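The values are calculated or read from the model by the stated rules, or taken from the named source; none is laboratory data. Since the model is a prediction, treat every value here as computed from it, not as a measurement. We place every Cβ from the backbone using ideal geometry, glycine too, and count neighbours over all the protein chains shown.
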Amino acid sequence: MGRQTIFVAALALAGALGGCTAGDGAGAGPGPSGPAVATAAIERTDLSTAQTLAGTLGYGAPRTIRAAGGTVTWLPKIGTTVKRGQPLYRNDDHPVLLLYGATPLFRPLQGIGTTGRDVRVVVDNLRALGYHTGDQPRRIRPGDAVLTRTVIEAIKSWQRDAGRPETGVLAAAEVVVLPGAVRVDRVAAQLGDPAADGVLTVTGRRKAVTVPVRAGDLNAIRTGLPVQVELPGGDTAKGRVTAVGRDATATEGDSGADVAVTVGLSDPAAVGDLDSAPVRVTFTGEVREDVLAVPVAALLALREGGHAVQLAGGPLVAVETGMFAMGMVEISGDGLAEGARVVTAS
């Protein structure tokens, strides 16, 4: 039997077994004769968890910007780059400014002595924008900062320069905290719309590929994994997985759910002037060469634990399982040989 290489994502065992359970341990004899059952040959093959999936070239997964309340009174143009300290939009005719960081503002920042990671975000951004914030107390938790009198004065100066009232109090609605500069991807609101309904969506500024991946196929995909991107026309570009989403989105028309995987390009110039295009992404994976494999549907779960396969016309044979790929599973155990037939679930 010729060897073949199977390219796919690893499959979840629970979903593939189909509820089959063997009542006896390995070595038990075959059951009573009955209707003909489906069988498959044990193959000697190479298994790989590599997979090729459809993706979209763009600027990465979009993020929706909204507020707790207020009315949209100004909007940027699609494609605009917004950097630290610049307005993303205007809410009740006040600019909503972009800050860089990982902790969003979740409360009004006011009063000397207020401490937290959100204060650290504000202090770091004020310093980066050129405002004098003074020294921070030494005895605070790592990652935190404190609202000092100097920081409050810096907030007032920043508010004045941004055209906001100089209160020294920074409300959560006045800023949006994101990891870095963004590109306006889509404007969802119109002037006069409630800001709580969603104002606009933003992406990163670097070109990237977004790939919807079935939630059950994420086992072999991790941040940093090398990929190859096939572009329209057949050219290819190298890249790596930069982010794996945490939210699964239901797939229209079936019961599956997809997770957005973002791929960064090693050389963005490789895509030329393309801003958006359908692409094919090949995720590299683990390879198991020259192994015995059977369809996953041939596995039986033993009551005492472990798994077995039923040789056609013969006994149950306990097996050790290895890689799962494209509906196949690597097996090893006594009495197994290439070409022998095993019973499979119909």
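Given TYR100, TYR59, which one is modelled with pLDDT of 95 or more and among the aromatic types (Phe, Trp, Tyr)?
Among TYR100, TYR59, only TYR100 is modelled with pLDDT of 95 or more and among the aromatic types (Phe, Trp, Tyr).
Considering only segment 103-123, state which residues are of a type in the set (Val, Ile, Thr), under 14 Å from VAL169 (Cβ atoms) and without any contact (Cβ under 8 Å) to a residue 40 or more places away in the chain.
Listed by number, the residues that qualify are THR114, VAL119.
Among the candidates GLY285, GLY272, single out the residue that is on the phi > 0 side of the Ramachandran plot and at pLDDT below 95.
GLY272
Only one of these conditions is not met by ALA248: (1) more than 28 Å from THR81 (Cα to Cα); (2) in contact (Cβ under 8 Å) with a residue 40 or more places away in the chain. Which number is it?
Just one mismatch for ALA248, condition (2).
Would you check which residues across segment 322-346 are among the hydroxyl-bearing types (Ser, Thr, Tyr) and touching a helix residue (DSSP H, G or I) at 6+ places or on another chain (Cβ under 8 Å) and list them?
THR344
Which ones in segment 210-233 are outside any loop (DSSP other than H, G, I, E, B) and in contact with a helix residue (DSSP H, G or I) (Cβ under 9 Å, 6 or more places away or on another chain)?
Across segment 210-233, the qualifying residues are GLY216, VAL229.
Does GLY168 satisfy the criteria of being part of a loop (DSSP other than H, G, I, E, B) and either in contact (Cβ under 8 Å) with a residue 60 or more places away in the chain or of a type in the set (Ser, Thr, Tyr) (or both)?
So GLY168 does not fit the description; no.
Does at least one position in segment 173-194 carry a residue that is part of a helix (DSSP H, G or I) and in contact (Cβ under 8 Å) with a residue 24 or more places away in the chain?
Within segment 173-194, one or more residues are part of a helix (DSSP H, G or I) and in contact (Cβ under 8 Å) with a residue 24 or more places away in the chain.
Considering segment 216-235 alone, what residues qualify as being in contact (Cβ under 8 Å) with a residue 24 or more places away in the chain and either exposed (fewer than 15 other Cβ atoms within 10 Å of the Cβ) or of a type in the set (D, E, K, R) (or both)?
Scanning segment 216-235 gives ASP217, ASN219, PRO226, GLU230, PRO232, ASP235.
Tell me, which strands (runs of 3 or more DSSP E) lie completely within segment 267-310 with 1 or more residues that are under 21 Å from THR236 (Cα atoms) and touching a strand residue (DSSP E or B) at 6+ places or on another chain (Cβ under 8 Å)?
Qualifying strands (runs of 3 or more DSSP E): 277-283.
Just give me the residues in segment 252-269 being at pLDDT below 85 and over 30 Å from GLU330 (Cα atoms), in sequence order.
GLU252, GLY253
Do we have any residue at all in segment 144-154 that's surrounded by 11 or more Cβ atoms within 10 Å (Cβ to Cβ), farther than 25 Å from ASP93 by Cα and touching a residue at least 40 places away in the same chain (Cβ under 8 Å)?
Among the residues of segment 144-154, not one is surrounded by 11 or more Cβ atoms within 10 Å (Cβ to Cβ), farther than 25 Å from ASP93 by Cα and touching a residue at least 40 places away in the same chain (Cβ under 8 Å), which makes the answer no.
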